[in-house]
């Protein structure tokens, strides 16, 4: 497994990581044993970076990682870099989703995450979504305080604009920015990829296989009906779903012609976007994890990239990447 740096002065991590949202029933039911099997296989493949959050299954994902570390014995924690996130919460009166970037909330939530993970410190702590009531400089100083307190070794933000990243970097080094990025979602090419490279920040790409569209076994309508997030996502409702499945069939055929899985080819494409880009696919299947890991071993030529752009040109996807409700939180910059 090739490696990449988690920020300019950060540790070397595997070129791909695991997005542990899949440990929390987000894309279908799972259990702790299946999540532990994924983590065992990850080490076999040389995958050492884990990305989770306090809201994934309301702690289920973090607890699965924590029980794995405890059960595998001494030295297992040191084999992984672990990132978690906080700030998404619910209004007590209305029950609607809100974002809290206050010092009290972030500290309290990180303490709870550390307890579930069974570790004294995480390697990276992100603000999951920005709280518009607080300036990013103030939030960054809160995160810097958590570094000084020894609770996290580095800080990051999820779904922020390049301009916000520059403001945060003026206060404290930011190791990583997380953003959706794949052949299906290419807006980071319009500023975020370049800004992260310029500042020495890792761009951690979630959903790098397009929430399953860029695989050999994409979700069909029946499976999506049981996934609350996808069944409300514009790309996975009709008529967009059928169109997107038909469009990506050419990509699956191209991958087969190149002798690899579609998932591997999708991961390989993301890795070409810069040495600072780290995709974090999620999975509930060891076999699928093997396909994803294989993507880190592929070396794509200019000709290969041209063939990919021919079958999936920029802007091919039908439907927005988020619904109006899902768009609340991420910063739009293009």
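The values are calculated or read from the model by the stated rules, or taken from the named source; none is laboratory data. Keep in mind that this is a model prediction, so the values were computed, not measured. Cβ placement follows ideal geometry from the backbone for every residue including glycine, while neighbour counts extend to all protein chains displayed.
Conditions (1) over 21 Å from the mean Cα position of the chain (by Cα); (2) surrounded by fewer than 24 Cβ atoms within 10 Å (Cβ to Cβ); (3) within 23 Å of residue 66 (Cα to Cα), marked per residue:
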position	(1), (2), (3)
103	yes, yes, no
108	yes, yes, yes
126	no, no, yes
153	no, yes, yes
156	no, no, yes
163	no, yes, no
168	no, no, no
180	no, yes, no
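The combined condition, being within 16 Å of the chain's Cα centre (by Cα) and modelled with pLDDT of 95 or more, is fulfilled by residue 16. Scanning segment 253-277 for residues that are part of a helix (DSSP H, G or I) and within 15 Å of the chain's Cα centre (by Cα) yields 266, 267, 270, 271. On the given criteria, is residue 61 surrounded by 23 or more Cβ atoms within 10 Å (Cβ to Cβ) and on the phi > 0 side of the Ramachandran plot? No. For segment 286-306, filtered to residues that are over 28 Å from residue 7 (Cβ atoms) and free of Cβ contacts under 8 Å to residues at least 60 places away in the same chain, the residue that is surrounded by the most Cβ atoms within 10 Å (Cβ to Cβ) is 304. As for segment 278-300, it holds at least one residue that is outside any helix (DSSP H, G or I) and farther than 24 Å from residue 178 by Cβ. Candidates in segment 7-34 are the residues that are within 24 Å of residue 294 (Cα to Cα) and free of Cβ contacts under 8 Å to residues at least 40 places away in the same chain; of these, the one that is surrounded by the fewest Cβ atoms within 10 Å (Cβ to Cβ) is 33. For residue 164, the test of being under 23 Å from residue 98 (Cβ atoms) and touching a helix residue (DSSP H, G or I) at 6+ places or on another chain (Cβ under 9 Å) is passed.
Out of all the residues in segment 252-263, is one or more closer than 30 Å to residue 195 by Cα and surrounded by 23 or more Cβ atoms within 10 Å (Cβ to Cβ)? Looking through segment 252-263, at least one residue is closer than 30 Å to residue 195 by Cα and surrounded by 23 or more Cβ atoms within 10 Å (Cβ to Cβ).
The single residue among 92, 97 that is at pLDDT below 95, in contact with a strand residue (DSSP E or B) (Cβ under 7 Å, 6 or more places away or on another chain) and over 18 Å from residue 280 (Cβ atoms) turns out to be 97. Within segment 56-68, being under 13 Å from residue 38 (Cα atoms) and over 20 Å from the mean Cα position of the chain (by Cα) holds for one residue alone: 68. Per this entry, residue 274 is not counted among residues that are buried (at least 23 other Cβ atoms within 10 Å of the Cβ) and within 21 Å of residue 51 (Cβ to Cβ).
The condition of being within 23 Å of residue 53 (Cα to Cα), surrounded by fewer than 24 Cβ atoms within 10 Å (Cβ to Cβ) and touching a strand residue (DSSP E or B) at 6+ places or on another chain (Cβ under 8 Å) holds for only one of 146, 230, that being 146. The set of residues in segment 113-124 that are surrounded by 15 or more Cβ atoms within 10 Å (Cβ to Cβ) and either farther than 24 Å from residue 167 by Cβ or in contact with a helix residue (DSSP H, G or I) (Cβ under 9 Å, 6 or more places away or on another chain) (or both) comprises 113, 114, 116, 117, 118, 119, 121, 122. Taking (1) touching a residue at least 40 places away in the same chain (Cβ under 8 Å); (2) out of contact with any strand residue (DSSP E or B) (no Cβ under 8 Å at 6 or more places or on another chain); (3) surrounded by fewer than 23 Cβ atoms within 10 Å (Cβ to Cβ) in turn, residue 246 satisfies each apart from (1). Does residue 212 satisfy being within 20 Å of the chain's Cα centre (by Cα) and surrounded by fewer than 18 Cβ atoms within 10 Å (Cβ to Cβ)? So residue 212 does not fit the description; no.
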